[in-house]
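Participant: Quick one: this structure, given as structure tokens, is what I'll be asking you about.
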Amino acid sequence: MRDHAALAREVIDANLYLALGTADADGKPWVSPVYFVPDEYRRFYWASSPTTRHSQNLAVRSAVSLAIFDSSVAVGKAQAVYVEATAAQVPDDELEPAAAIYNSRLDEGRGFELDELRGDGLFRLYRATATEHSVLIRGGDPEYGTGADSRLVISLD
């Protein structure tokens, strides 16, 4: 029996970018690739300008979806993690520890100083907190396959 939670952790750990799905006040969807840093597989951090479309969408609608996958694998070999979450800009009073988490995965000298993420800084730090995780189940999976690709909800607690 495959350990789907372990697989999800491996996919999250192995990838640097996720597809961030947001929607505006009218529900019009938008997807953006963002560099991310996971925190205990429940929280996902990224830095963006508050003027980007996805950041503007978060200001009016906190529900997001995330897809994490390696797009370089051969067709039929994909593994993916899907996350339903709520997201928002990290408040200034939580910025120091959150920035330390975000900077921990970056090469030395590439991280953000706190002042770059607040006040007159061009960027803000955002956090998505997972409400549900699921993994891709390929149609031919011997245990869970149905002939067509599907998702299996998992727990990463």
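Read the figures in this text as sums done on the coordinates, not as results from a lab. These figures come from a predicted structure and were not determined experimentally. All Cβ positions, even for glycine, are placed from backbone atoms using ideal geometry, and neighbour counts span all protein chains on display.
Participant: If you stretched the chain out fully between W30 and E96, how much longer would it get, using 0.36 nm times the residue separation minus the C-alpha to C-alpha distance?
Facilitator: On the way: separation 66, 0.36 × 66 = 23.76 nm, distance 2.90 nm.
The W30-E96 span can extend by a further 20.9 nm.
Participant: If you build a Gaussian network model of the chain, linking Cα atoms that sit under 10 Å apart, which residue out of S55, S72, S32 swings the most?
Facilitator: Comparing S55, S72, S32 in a Gaussian network model of the chain, the most mobile one is S72.
Participant: A further question follows. Given the options V64, A98, Y35, identify the residue whose Cα lies farthest towards the positive end of the charge dipole of the chain (+1 on Cβ of Lys, Arg; -1 on Cβ of Asp, Glu).
Facilitator: Checked the options; the winner is V64.
Participant: Now a separate question. Give me the Debye-computed log₁₀ of I(q)/I(0) at q = 0.14, 0.17, 0.18, 0.22 Å⁻¹ for the stretch 17-157, equal point scatterers on Cα only, no solvent, two decimals.
Facilitator: At q = 0.14, 0.17, 0.18, 0.22 Å⁻¹ the computed log10 ratios are -0.71, -0.97, -1.05, -1.37.
Participant: Using a Gaussian network for the chain with springs between C-alpha atoms less than 10 Å apart, which of these wobbles most: D39, D115, D70?
Facilitator: In this elastic network of the chain, the residue with the biggest mean-square fluctuation among D39, D115, D70 is D115.
Participant: Could you give the size of the charge dipole of the stretch 4-154 about its Cα centre, using +1 on the Cβ of each K and R and -1 on the Cβ of each D and E, expressed in debye and rounded to the nearest 20?
Facilitator: Working: 14 positive and 22 negative charges, 104 e Å.
The dipole magnitude comes to about 500 debye.
Participant: Mind checking which of A59, A74, A23 has the largest fluctuation in a GNM of the chain, springs on alpha carbons under 10 Å?
Facilitator: Comparing A59, A74, A23 in the GNM, the peak value goes to A74.
Participant: Shifting gears a bit: Which GluC sites (Glu not before Pro) in the stretch 45-125 sit in a loop by DSSP (not H, G, I, E or B) and have at most 11 other Cβ atoms within 10 Å of their own Cβ?
Facilitator: Details: sites: E84, E94, E108, E113, E116; in loops: E108, E113.
Counting only loop positions with at most 11 other Cβ atoms within 10 Å, the GluC sites (Glu not before Pro) in the stretch 45-125 are E108, E113.
Participant: Calculate the length of the line joining the C-alpha centroid of the stretch 96-157 to that of the stretch 51-72, in whole Å.
Facilitator: Using only Cα atoms, the two centres lie 11 Å from each other.
Participant: To continue, here is another question. Which residues among the stretch 33-70 fall inside the zone where the amide N is under 15 Å from a point 7 Å beyond the Cα of T86, along Cα→Cβ?
Facilitator: Counting backbone N atoms under 15 Å from the label point, the list is 43-44, 58-65.
Participant: Another question, then. Using only the alpha-carbon atoms, how far is helix 4-14 inclined from the longest principal axis of the chain? Give it as 0 to 90 degrees, nearest 10.
Facilitator: 50 degrees
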